[in-house]
Every structure is written in C-alpha cells, then in structure tokens.
1. Within the stretch 89-119, how many residues turn out to be in contact (Cβ under 8 Å) with a residue 12 or more places away in the chain and loosely packed, with under 10 Cβ neighbours inside 10 Å?
2. Filtering the stretch 37-52 down to residues that are under 20 Å from the mean Cα position of the chain (by Cα) and open to solvent by 100 Å² or more (accessible area, probe 1.4 Å), which residue is modelled with the lowest pLDDT?
3. Name, by its number, the condition in (1) open to solvent by 90 Å² or more (accessible area, probe 1.4 Å); (2) modelled with pLDDT of 80 or more that does not hold for LEU80.
4. With (1) closer than 30 Å to PHE5 by Cα; (2) in a helix (DSSP H, G or I); (3) touching a helix residue (DSSP H, G or I) at 6+ places or on another chain (Cβ under 8 Å) as the list, and TYR93 as the residue in question, which single condition is left unmet?
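The values are calculated or read from the model by the stated rules, or taken from the named source; none is laboratory data. The structure presented is a predicted model; accordingly, all values stated were derived computationally and were not measured. Here the Cβ is made from the backbone with ideal geometry for all residues, glycine too, and neighbour counts use every protein chain on show. The area values use the complete protein model at the heavy-atom level, side chains included, leaving out ligands, DNA and RNA. Shrake-Rupley method; radii C 1.70, N 1.55, O 1.52, S 1.80 Å.
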Amino acid sequence: MTLSFFDQFMSPTLFGVPLIALALSLPWILFPTPSSRWLNNRLLSLQGWSISRFTQQLLLPLNLGGHKWAVILTSLMLFLITTNMLGLLPYTYTPTTQLSLNLGLAVPLWLATVIIGLRN
C-alpha cells in the first residue's frame, strides 16, 4: 500500500462515517431536551445534576451580585468543553486555536465586566 504525502490530511473514518461529522453531532447530546413527563430519564437527570454541580462550584466564592453571571459562564464553559473535545480526534484542530474566536469571546466579557464595574 503506497501512501502519498497528502494522505495524512484525509479525514479519518470509522466504518465509512467521517469522524468529524460524528464529533460535530455528538455535543448535541449534552444539551437537555424538555419533556412533558414528571420524572426525567437517566440522561436528563445526569445532565441536570452535572450542570447544577458545576454552577454551584462556580458561584461558591462569589457574592450574590455575581450570581447574575451564572448562565453565561456555564454556557461558555459548556461551549469550550465541547469545542475542545474536537482536539481529541486525529488530524483535527480545535476552534479555540484561532485568535478570532478567543478575542470574540474575551473582549465582550471583559468589556461587560469593566462597564458594570464602573457603573456600580
């Protein structure tokens, strides 16, 4: 079997399915889907428990004024975790290696904290 220099850039596949498609569709499992049942299934219970524990650990050192940031910080961490999981696939890179994504997330949050700090 002869390989060329550009075979290393081919998308890795598993049973004919490109792994990048699997990696992009897999994070949707982390997002809870609402149901009309009284009791949740195991996946929804695990999701709710992990998000509530994460939020509790995040807000532990903050006072009550900082609890307004819970939703945005939790969603930011879930986004960063799911995008960085792409780096576990071979021959792929994470979107957080791009400076535009990092600055696009950092500048508005930094500016919001400065403006709220000056206002208060």
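1. Summing the residues that are in contact (Cβ under 8 Å) with a residue 12 or more places away in the chain and loosely packed, with under 10 Cβ neighbours inside 10 Å in the stretch 89-119 gives 1.
2. So the residue we want is LEU46.
3. (1)
4. (2)
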